[in-house]
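This report refers to the structure that appears directly beneath it.
The values are calculated or read from the model by the stated rules, or taken from the named source; none is laboratory data. Since the model is a prediction, treat every value here as computed from it, not as a measurement. FYI the Cβ positions are ideal-geometry reconstructions off the backbone, even for glycines, and counts take in every protein chain you see.
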Amino acid sequence: MPIRPENRDRYPADWKAIRERILRRAGHRCEWPGCNAYHRSAGYWRADRFVPMPRVLSEAGAKVGDEIACADGSTIEIIMIVLTIAHLDHQPENCDPANLRAWCQRHHLRYDAEHHAQTAYRTRRAGRAIGDLFP
């Protein structure tokens, strides 16, 4: 996930090198238990598991962004996996390798869901508090 401009200064100057070390440590594979998604691989999610794009779809010309109808009436969307680096403590300043995980976007968002909800609540609440009480 891209770094928000307002948080960019919270990351160290060598963030790209740190990110690459974590990706190498993970073998360019999502470190979420049971996930088999590889960085920059095309495929689709089925029953909460990533399925690399089968050769038959590739040979038929399927590409990232395509939606494909399945025999059971469902559809799959071909996506590109992008691994992101998660901070377990949600603090970008803490770049200790033990605090960092290479996760696909799905699992990074799942891990961060509660934190995002709390942040959104605080942002909404602060937005309501802004204003002149005595115009």
Problem set entry | Restricting region 33-59 to residues that are basic (Lys, Arg) and over 15 Å from His108 (Cα atoms), the residue that is surrounded by the most Cβ atoms within 10 Å (Cβ to Cβ) | Arg46
Seminar exercise, completed: Residues of region 1-10 being touching a residue at least 24 places away in the same chain (Cβ under 8 Å) and surrounded by fewer than 11 Cβ atoms within 10 Å (Cβ to Cβ), in sequence order, are Asn7
Problem set entry | Selection count, region 10-33, where residues are among the small types (Gly, Ala, Ser) and in contact with a strand residue (DSSP E or B) (Cβ under 9 Å, 6 or more places away or on another chain) | 2
Exercise. Quick check, is Arg19 assigned to a helix (DSSP H, G or I) and under 15 Å from the mean Cα position of the chain (by Cα)?
Worked result: yes
Seminar exercise, completed: Screening Glu59, Glu31 for residues that are closer than 26 Å to Gln91 by Cα and acidic (Asp, Glu) leaves only Glu31
Exercise. Out of curiosity, is Ala13 exposed (fewer than 14 other Cβ atoms within 10 Å of the Cβ) and part of a loop (DSSP other than H, G, I, E, B)?
Worked result: yes
Problem set entry | From the options Ala86, Ala117, Ala113, Ala62, residue that is surrounded by 17 or more Cβ atoms within 10 Å (Cβ to Cβ) and free of Cβ contacts under 8 Å to residues at least 24 places away in the same chain | Ala62
For this session: Look through Arg19, Arg24 and report the one residue that is surrounded by 10 or more Cβ atoms within 10 Å (Cβ to Cβ), farther than 23 Å from Arg110 by Cβ and assigned by TED's automatic domain parsing to the domain that holds His108.
Result: Arg24
Exercise. Strands (runs of 3 or more DSSP E) wholly in region 57-131 with at least 1 residues that are modelled with pLDDT of 90 or more and hydroxyl-bearing (Ser, Thr, Tyr) - which ones?
Worked result: 75-77, 83-87
